[in-house]
Ligand SMILES: Nc1ncnc2c1ncn2[C@@H]1O[C@H](COP(=O)(O)OP(=O)(O)OP(=O)(O)O)[C@@H](O)[C@H]1O
Ligand SMILES: [Mg+2]
C-alpha cells in the first residue's frame, strides 16, 4: 500500500478554536501547510525555483518599465530626440512581450505541479480510506468522505495551482516595485506606508470570520451531500411513506444554510477590496500632494517625470497588492479545506497486520472463541466472556432472537471488528497473528445484507474470485440457480445496489459467490431466507456439496433448516444459553426446544 512519504502523525496540534483573534494562522494551520509542502510539493522544488525565477523576471519587467518610462518622460519633457523615444518604445514592447511569455509559462508549470500534488493526495486518500476499519465507515457520513475526496481536494488543487502562483507573482511584483520606489523616493514611500496598519487590521478581521464560517459551510455541504445520498438510495421508502415533501424540505434547509454561509464567507471576503481601494485613495492623495510639494519646493531634487513615474509605480504596487489581499482572504477558506482533508489522514486503521503476522495457518482447524468481550459502543455491552468452539470440518449453527449477536460473531471471526477482550483462535493461532489477507481469504461469506454492484450479474459473481474461469462461474451460477437469469439478462447492469433485482435473486448471487470462492471456511448468515421453499431445497443440495469437509457456520431463524447441524449454539442477548445437537437440545427442553416447538406449530398450523 502506498502511503504518503510523510504520514500525518497523530501528535500534531489539534484544531485550534477558529474564533481566536490572536493570529492569522493557528499552530495547526502552520502544521498543515508544512505537511502539505513536505508531502506533496517539496519534491518539485527545482521546478518551483524555475517558477520563482520566471516570476522574478516578471517583477523586473515592471521595474524596468518604470525606469524606462521615467527616461521616456524626460525625453519628452526635456530635449530628447525622436530616435531615443522610438528606442524606448521598442524596449518597452519587448519587456512586456517577455512578461507575457512568463504569464504563459508560469501557470503551465504551477498548474502541472498542483494537479500532480492533488493527484498524489487523492491517491494517498484512496489507499488510506481502503485501509480504514469498517467501524469508521459505520460512523462517518458518506457525504463527508465524498466531499473530502472530490470537492475539497479539487478546490485545494485549483487554489495551489492558480491562486498561490498568482499570489507569488503579485508578492514579488510588490516587493520589486516597492524596492525601486523606496530607492527613488524613500520619503514619499514612507509616508504611503501609514495605511498598512489599517490594511492589516482588516485582513485579520476577515481571516477570523472567514475561517469560522467556512468551517460551518463545509459541514453544511457534507450534510447536504449526505442527505442527497440517503434520499436517493432510500427513494423506495420515501415514496411508499409519502415523504417526498419532507425529504425535499430537509434538502432545502441544507441548501438554504449553505447559501447563507457562503454569502457570509464571500461578503466578508469582499470587504478586502474596498479597504485596499480606500487605502490607495489615501496613498494617492499623499503622493500627489506630497510629491507635488516636493517638485515645487527647491529643497528636493525631484522633477515632474520622477513624480509621475512614482505615481505609476504606486498604481503598479496597488494592483497586485489588492489581489494579494484578496488571496489572503481566500487562503483562510482553503486552510479550512486542508484541515478537513488532513483530518481524514488522521483517522487511524486499528485492524491491521501485526508486525510478526504469518500467512499460513490450518484453515481446517477448530475455531475457538475464548472469553470474548465485545461491544460496538461502550454504553451497550454485547459479549462479556463468550466461549464457543466451531469444530473444523463440521457444520455449526447459531440461533437466537434478533439482535442477540449472531452476525457479530461472524464479523469477529474475519476481524471486521476486533475483540475488546479474550481471544479468537483458529487451531492454536490467535487470529490477530495472521495476515489479514490470508485470514479473510479463508472465508466464503453469504452475508445477511448482500452488497450488489451496478454491474452485470456475471461480474457481480466474479467479483469474489476474478481469476475464476468462465466454466467455474457458470457452475457456481447453476448451483445457485441464477444461471437462467444471467442468460436472460445478459450483460445488463443490475442498477445501483442491485435495485433491479428481487431479494431472492440478490441472495442467489451471494450464494453463487460463495460457490465460486470456495474458501475453506463458510459463513452463511440467513443465506436462504429470501428463497421460496422449492428453490431453497434445490440450493441446499448444492450447498451440502459445497460444505462437505468445510468448517461451516450457519445462522438461521428457521430452526428446521439447521436441525441436521453437528452442533447448535443458542444465543440470547449476547450470551450463550445452550449448545448441543438438535436431539440433545430438544431433550434439554429449554429455550431451543420451546422455539422449535413454537415454529413447528406455526408451520403445521398453516
Ligand atoms: N455496526 C454496528 N454498530 C453498532 N451496533 C451494532 C452494529 N451492528 C449490530 N449492532 C448491534 O449489536 C447487536 C447485535 O447485532 P447482530 O447484528 O449481531 O444481531 P443478530 O443476532 O445478527 O440479529 P438478526 O437476527 O436480527 O440478524 C444489536 O443490538 C445491534 O443493534
Ligand atoms: Mg444478523
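The values are calculated or read from the model by the stated rules, or taken from the named source; none is laboratory data. In this text, all values refer to a predicted model and were calculated from it rather than measured experimentally. Don't worry about glycine lacking a Cβ; one is built from the backbone with ideal geometry, like all the others, and counts go over all protein chains shown.
Within region 251-279, work out how many residues are surrounded by fewer than 17 Cβ atoms within 10 Å (Cβ to Cβ) and farther than 11 Å from residue 325 by Cβ. So the count comes out to 13.
Hey, can you tell me all the residues within region 448-462 that are within 16 Å of ligand 2 (Cβ to nearest atom) and under 27 Å from the mean Cα position of the chain (by Cα)? Hits for region 448-462 are 449, 450, 451.
Would you check if residue 469 is more than 16 Å from ligand 2 (Cβ to nearest atom), closer than 19 Å to residue 523 by Cβ and surrounded by fewer than 16 Cβ atoms within 10 Å (Cβ to Cβ)? Don't jump to the end; show me each part of the working.
Numbers: more than 16 Å from ligand 2 (Cβ to nearest atom): yes; closer than 19 Å to residue 523 by Cβ: no; surrounded by fewer than 16 Cβ atoms within 10 Å (Cβ to Cβ): yes.
No: the conditions fail for residue 469.
Does residue 449 satisfy the criteria of being without any contact (Cβ under 8 Å) to a residue 60 or more places away in the chain, within 14 Å of ligand 1 (Cβ to nearest atom) and outside any helix (DSSP H, G or I)? So residue 449 passes the test. On the stretch given as region 574-606, residues that are outside any helix (DSSP H, G or I) and surrounded by 13 or more Cβ atoms within 10 Å (Cβ to Cβ) total 9.
Considering (1) touching a helix residue (DSSP H, G or I) at 6+ places or on another chain (Cβ under 7 Å); (2) closer than 23 Å to residue 142 by Cα; (3) surrounded by fewer than 17 Cβ atoms within 10 Å (Cβ to Cβ), the lone condition that residue 282 does not fulfil carries the number (2).
Regarding region 54-61, can at least one residue be identified that is surrounded by 14 or more Cβ atoms within 10 Å (Cβ to Cβ), within 25 Å of residue 307 (Cβ to Cβ) and free of Cβ contacts under 8 Å to residues at least 60 places away in the same chain? Looking through region 54-61, at least one residue is surrounded by 14 or more Cβ atoms within 10 Å (Cβ to Cβ), within 25 Å of residue 307 (Cβ to Cβ) and free of Cβ contacts under 8 Å to residues at least 60 places away in the same chain. Put simply, of 312, 326 the only residue that is within 30 Å of residue 67 (Cα to Cα), buried (at least 20 other Cβ atoms within 10 Å of the Cβ) and either more than 16 Å from ligand 2 (Cβ to nearest atom) or within 37 Å of the chain's Cα centre (by Cα) (or both) is 326.
As a summary of the residue check, residue 345 satisfies the conditions (1) away from ligand 2 (no atom under 16 Å from the Cβ); (2) closer than 22 Å to residue 523 by Cα; (3) surrounded by 15 or more Cβ atoms within 10 Å (Cβ to Cβ) except for the one numbered (2). Within region 310-327, is even one residue closer than 22 Å to residue 153 by Cβ and out of contact with any strand residue (DSSP E or B) (no Cβ under 6 Å at 6 or more places or on another chain)? There is at least one residue in region 310-327 that is closer than 22 Å to residue 153 by Cβ and out of contact with any strand residue (DSSP E or B) (no Cβ under 6 Å at 6 or more places or on another chain).
Looking at 150, 210, 174, can you tell me which residue is assigned by TED's automatic domain parsing to the domain that holds residue 319 and within 30 Å of residue 63 (Cβ to Cβ)?
Working: 150 fails: within 30 Å of residue 63 (Cβ to Cβ); 210 fails: within 30 Å of residue 63 (Cβ to Cβ).
Answer to the check: 174.
Of everything in region 514-534 that's touching a helix residue (DSSP H, G or I) at 6+ places or on another chain (Cβ under 6 Å) and part of a helix (DSSP H, G or I), which residue is farthest from ligand 1 (Cβ to nearest atom)? It comes out as 516.
The set of residues in region 569-593 that are within 16 Å of ligand 2 (Cβ to nearest atom) and under 15 Å from residue 394 (Cβ atoms) contains only 569.
Is it the case, given these coordinates, that residue 491 is under 36 Å from the mean Cα position of the chain (by Cα), in the same structural domain as residue 405 (by TED's automatic domain parsing) and surrounded by fewer than 17 Cβ atoms within 10 Å (Cβ to Cβ)? Show your work before the answer.
Values: under 36 Å from the mean Cα position of the chain (by Cα): yes; in the same structural domain as residue 405 (by TED's automatic domain parsing): yes; surrounded by fewer than 17 Cβ atoms within 10 Å (Cβ to Cβ): yes.
Yes.
I'd like to know if region 156-167 contains one or more residues that are assigned by TED's automatic domain parsing to the domain that holds residue 140 and on the phi > 0 side of the Ramachandran plot. No, every residue in region 156-167 fails to be assigned by TED's automatic domain parsing to the domain that holds residue 140 and on the phi > 0 side of the Ramachandran plot. Taking region 394-426, which residues are in contact with a helix residue (DSSP H, G or I) (Cβ under 9 Å, 6 or more places away or on another chain), closer than 11 Å to residue 369 by Cα and more than 16 Å from ligand 2 (Cβ to nearest atom)? 419, 423, 424, 425, 426 - these are the residues of region 394-426 that are in contact with a helix residue (DSSP H, G or I) (Cβ under 9 Å, 6 or more places away or on another chain), closer than 11 Å to residue 369 by Cα and more than 16 Å from ligand 2 (Cβ to nearest atom). Comparison of 429, 391 shows that the only residue that is away from ligand 2 (no atom under 16 Å from the Cβ) and touching a strand residue (DSSP E or B) at 6+ places or on another chain (Cβ under 7 Å) is 391. Considering only residues that are without any contact (Cβ under 8 Å) to a residue 12 or more places away in the chain and part of a helix (DSSP H, G or I), which ones fall in region 489-513? Once the filter is applied, which keeps residues that are without any contact (Cβ under 8 Å) to a residue 12 or more places away in the chain and part of a helix (DSSP H, G or I), region 489-513 yields nothing. All of 351, 398, 367, 426 fail the test of being surrounded by 20 or more Cβ atoms within 10 Å (Cβ to Cβ) and within 16 Å of ligand 1 (Cβ to nearest atom), apart from 398.
Look through 541, 597 and report the one residue that is at pLDDT below 85 and farther than 23 Å from residue 425 by Cβ.
Details: 597 fails: at pLDDT below 85.
Going through 541, 597 in turn, just one is at pLDDT below 85 and farther than 23 Å from residue 425 by Cβ: 541.
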